[in-house]
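Below you'll find the structure, written out as structure tokens, and then a few comments.
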Amino acid sequence: MVYELSCLKSTERLDLKPLKCSEVELKCSYGAAKRMLHGIACQLIERGEICTYELYPIAKEVVKAEIYADNPNSILEKIPEHMIQEKPMPLGESIPSYSGTENFLDALISVVLKKAGFRPVKGVYVSAKEDIAVKKRTILDHDGHLILFLDYLRPSPSIAGRIREQLGIKEFRKLREDNELKERAYELSHDEYIKKTVFTWLRGLYIQGEVVNIEDCFVSEKKIKGKPLHEYWRERGVEVDENEYPVFIIKTSKGEYCYPPSVLRLAGRGKVDPFHTRFKEISKLLENVKEEIESLMDKLGYKNVKFEVFKVKDGDAYLKPNFYFREDIKIIKDIAKMTVQLTYKKDGKDISSPHSPLFAFDREKCHPYAGKQELNLMLIYPSDPNLKDFVETNFVEMLKNKFNELNLGSIKGVKKISYTYDPKNPAKSLNSLEKTIKEHAKQCSEKDFLMTIIIPSKEREEFYTSAKREASGMGYHTQLVETNTIERIRREKDSGLLANICAGIYAEFLIQRKISEGNPTGPLTWVLDSPADGRGETMYVGLDISRKEATEGAAFIMFDPYGKLMDARILTLTSETITEKNYYEVFRKMVEKARENSMKRIVILRDGPPRTKDELDGCLRSFKNVKKELELKPSEELKLEYISVIKSVPTRVFKVDDRSVQKPLQGTHFYLYKLRHLDRLAHEILVISSKPRGEGCAKPVILRVYELDEKKLREEDVIKIAEEYLSLTRLNFWNLETGASRLALPVKMAHILSYMGASGIHVRGGH
């Protein structure tokens with residue numbers, strides 16, 4: 001049995017030959033230069049010419065480009081004159097660097113996907129039928145092999161299709177004959193799509209915007225430049241039914257435009273293919289791409305380069321389950337003994353268990369490691385008459401009972417407060433929510449009360465930000481619940497959802513209370529039975545950067561190897577990178593905390609790779625400087641490890657033999673390869689830390705482990721880091737069903753805090 005990745009790997013090295021090189025300075029951003037040169041390289045490669053480029057930022061809007069080709073002028077002449085700052089300078093003949101080879105391969109794969117029938121649209125490659133959108137990731141490993149990761153998603157169906165399905169009709173013509181049906185179509189469109197983000201893929205362009213209005217007319221009745229809307233689009237090669245209804249007004253970055261519903265799709269993915277369907281579709285995709293890439297490589301002069309599916313032998317894969325379900329016992333009898341164990345409290349003693357936290361609290365009668373909490377709730381909910389009775393009676397009692405049943409403590413009382421909510425007037429609704437939070441926060445104490453706020457699912461982001469900002473400014477944490485979740489609990493009596501809301505209430509109140517008492521550190525709902533590093537000597541630091549409009553926020557959050565919170569720091573950044581000075585300020589806290597707790601190692605888990613070489617180098621320099629200035633003794637020697645957690649990886653994993661295709665177990669991990677990044681050697685390892693219920697297919701994460709200084713990492717060192725990561729994924733205090741998450745707790749928390757920082761939400765205890 002082997003593990004097959006949705007990935008192709010070249011059987012031979014891909015070394016570029018010496019090419020003529022010219023240097024030119026460009027007046028644009030790094031991103032604009034990369035997009036332009038990538039497009040030009042694609043054109044030339046499609047013609048059978050080998051070419052590439054390397055980019056070096058000089059200033060904010062100035063980039064140095066080194067152009068490689070048999071005739072560099074074939075690229076230079078395609079660059080607009082206004083973008084050229086200095087006259088190009090020939091540098092002679094040379095072999096492109098590692099990054100130049102990577103850029104060549106990235107352009108090569110773009111050409112291959114085009115030849116395979118896909119067109120590029122906003123970061124994905126869309127099939128001719130528009131039924132799948134392919135994502136890619138290209139890697140050049142340290143041995144010179146091209147590795148191509150591929151995955152696909154199903155786009156959401158057109159809005160026209162959704163409207164027809166909801167009305168139960170096959171053709172819009174029916175609406176001309178039935179006014180009542182037409183009114184339903186208008187009301188449905190208005191309620192369902194106003195303020196929603198939509199996009200279109202017309203003529204290879206990606207246009208995204210927000211629905212700001214719905215016009216009560218057929219597309220044949222709406223005139224654009226003197227022509228009916230359906231004829232306007234037909235002239236542009238888009239077939240539109242003249243009976244489509246209604247007309248959508250979309251606000252984009254360039255203005256407001258009219259669209260028929262058939263060309264619009266809701267942002268986000270459509271249906272998710274079952275596991276075996278995905279395996280078949282990916283197998284066809286890989287075979288198609290393999291044929292095209294080998295053909296193009298032959299045209300470019302690489303006659304002997306072949307590609308094969310990336311496979312890992314069963315004996316080269318490792319397993320450390322971070323949770324398990326009952327059905328997993330049929331696969332591995334002793335899986336419970338192998339699973340990451342958690343520690344709770346019971347009768348004043350520590351109790352270890354591999355089971356679900358839900359099982360531990362409900363069946364084994366354990367209670368949280370930090371102790372039971374007694375609290376009151378401020379339940380703040382929208383003035384929706386459909387919700388009022390259920391929220392004030394059933395929901396409140398269900399919450400109180402479930403909190404008590406799970407041994408989390410007790411909800412002594414509930415203060416029920418409604419805010420004015422008008423779905424047609426979001427501004428008035430938001431003002432009412434903010435005013436309600438301020439008024440009632442002043443009347444209560446954060447040592448006794450937690451705010452549980454119900455927000456409308458349709459305007460989730462705006463209400464999330466407002467609720468968090470106002471409550472946090474008054475010293476309160478919040479447990480937010482969407483109206484869709486309330487509806488599910490009412491409809492399905494979903495005890496799992498209720499349990500997770502209770503878990504959130506417990507964790508948020510505990511952190512809030514600790515901060516109000518001046519000591520936000522320590523254990524939360526549970527801790528690991530054994531330290532993640534096996535020795536109890538490591539501080540794990542989650543790091544993430546979030547951007548919201550023009551604001552950048554960075555968060556560092558520190559945990560000990562058992563999952564106990566140690567400290568947090570939130571920064572407002574002036575750019576998308578963390579400076580050496582930023583790292584220095586945070587390391588002063590980190591190193592001192594590590595010394596106080598006799599730790600020997602700091603592991604930074606960064607959400608995504610660092611953006612620049614300067615950022616990674618600055619991190620290492622500031623760490624060394626702080627150690628030197630704090631005069632650590634030889635016995636206090638402290639090491640640093642830097643790991644990028646790459647969570648959006650376009651690949652899937654299938655466990656395959658001659659007779660069957662199976663899902664890999666959660667906790668499966670295996671070493672992939674070594675590569676260069678930011679002038680440093682790094683290792684990548686794939687980790688499956690989740691398991692979708694039903695027919696879904698797990699999305700793995702990839703850990704990129706950098707070699708710092710002269711330290712050489714062995715494969716077994718990287719495997720151990722993956723196992724530490726898996727232990728830290730078992731600390732999801734907001735999910736009682738498994739207690740686990742795809743993301744390790746430090747990464748998950750850093751992401752939340754950085755987003756709040758970028759959104760202008762003050763986070764107490766984050767310095």
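Nothing in this text is a laboratory measurement; each read-out follows from the coordinates by a stated rule. Just so it is clear, the model here is predicted, and its values are computed rather than measured. Here Cβ is always computed from backbone atoms with ideal geometry, including for glycine, and neighbour counts include all displayed protein chains.
Here I84 and M338 are evaluated by their C-beta separation; at R0 = 45 Å the FRET efficiency comes out at 0.15.
When the Cα atoms of the range 148-207 are aligned to their principal axes, the ranges along those axes come out at 53, 25, 20 Å in descending order.
In this structure the amide hydrogen of L681, modeled in the peptide plane, comes within under 5 Å of the amide hydrogens of E707, none closer than 5 places in sequence on its chain.
Here the range 284-316 is scanned for amide nitrogen atoms under 17 Å from the site 7 Å beyond the Cα of D658 along Cα-to-Cβ, giving 314. With θ taken as phi - 60° and the Karplus curve 6.51 cos²θ - 1.76 cosθ + 1.60 applied, the whole-hertz 3J(HN,Hα) list for the range 231-236 is 6, 4, 6, 4, 5, 9 Hz, x standing for glycine and proline.
Between the residues I84, S29, L55, the greatest Cα displacement towards the positive end of the dipole of the range 17-95, with unit charges on the Cβ of Lys, Arg, Asp and Glu, is found for S29. Projected label points at E12 and T574, each 7 Å from Cα along the beta carbon direction, are separated by 5.2 nanometres. Amide H to amide H, with H built 1.01 Å from N, L480 comes under 5 Å of I453, counting only residues 5 or more places away or on other chains. In this structure, the amide hydrogen of G667, modeled 1.01 Å from its nitrogen in the peptide plane, lies closer than 5 angstrom to those of N322, I688, S689, S690, counting only residues at least 5 positions away or on a different chain. Give, as ranges by residue number, the residues of the range 513-533 whose backbone N falls under 14 Å from the point 7 Å along Cα→Cβ of D350. Output list for this probe position: 523-524, 526-533. Does a label point 7 Å from the Cα of K365, set along Cα-to-beta-carbon, have any residues of the range 389-411 with amide nitrogen under 15 Å, and which are they? Output list for this probe position: 405-408. Measuring r between the beta carbons of E165 and K647 and using R0 = 30 Å, the FRET efficiency lands at 0.40. The slack in the chain from K600 to K114, taken as 0.36 nm per residue of separation less the alpha-carbon distance, amounts to 169.9 nm.
Could you give the distance between the Cα centres of the range 440-464 and the range 513-582, to the whole Å? Centre-to-centre (Cα) distance: 24 Å.
Given +1 on the Cβ of Lys and Arg, -1 on the Cβ of Asp and Glu, and no further charges, what dipole in debye does the chain carry about its Cα centre, rounded to the nearest 20?
Values: 126 positive and 116 negative charges, 170 e Å.
For the chain, the charge dipole is close to 820 debye.
Here the range 717-765 is treated with +1 on each Lys and Arg Cβ and -1 on each Asp and Glu Cβ, and its dipole about the Cα centre works out to around 180 debye.
When you count the other C-beta atoms within 10 angstrom of each residue and take the mean per peptide, 127-139, 236-248, 303-315 line up highest first as 236-248, 127-139, 303-315. Remark: the chain projects, on average over all directions, an area of 36.2 nm² (convex hull of Cα atoms).
Relative to the present Cα-Cα distance, how much length would full extension add between N71 and C444 at 0.36 nm per residue of separation?
Working: separation 373, 0.36 × 373 = 134.28 nm, distance 7.38 nm.
Additional length available on full extension: 126.9 nm.
Think of it as helices only: each DSSP H run of n ≥ 4 in the chain is worth -39500 (n - 2.57), and spread over all residues that comes to -10000 deg cm²/dmol at 222 nm.
On full extension, the segment bounded by K271 and E710 gains 153.3 nm, given 0.36 nm per residue less the C-alpha separation.
For the range 268-309 and the range 207-250, what is the separation of their C-alpha centers, rounded to whole Å? Between the Cα centres of the range 268-309 and the range 207-250 lies a distance of 37 Å.
For a straight C-alpha distance cut-off of 24 angstrom, the lysines reachable from K624 (same-chain residues fewer than eight places away being disregarded) are K581, K589, K593, K600, K613, K633, K639, K711, K712.
Between E327 and E231, the simple spin-label model (points 7 angstrom out along Cα→Cβ) gives 5.6 nm. Annotation for A427 and W734: the two label points, set 7 Å from Cα along the Cα-Cβ direction, are 3.1 nm apart. Residue-wise HN-Hα couplings along the range 359-365, as the Karplus relation 6.51 cos²θ - 1.76 cosθ + 1.60 with θ = phi - 60° gives them from phi, are 5, 5, 6, 7, 8, 8, 6 Hz; Gly and Pro carry x.
Pairs of alpha-carbon atoms within less than 8 angstrom and 6+ residues apart define the contacts here; what relative contact order does the range 517-612 have, in percent? Rounded, it is 33 percent for the range 517-612. Screening the chain for DSSP H helices whose Cα atoms reach 27 Å or more along their own axis and whose mean Kyte hydropathy is at least 1.6 gives nothing. Centre-to-centre, using Cα atoms only, the range 124-185 and the range 704-736 are separated by 37 Å. The order of the peptides 504-514, 583-593 by mean Cβ neighbours within 10 Å, most packed first, is 504-514, 583-593.
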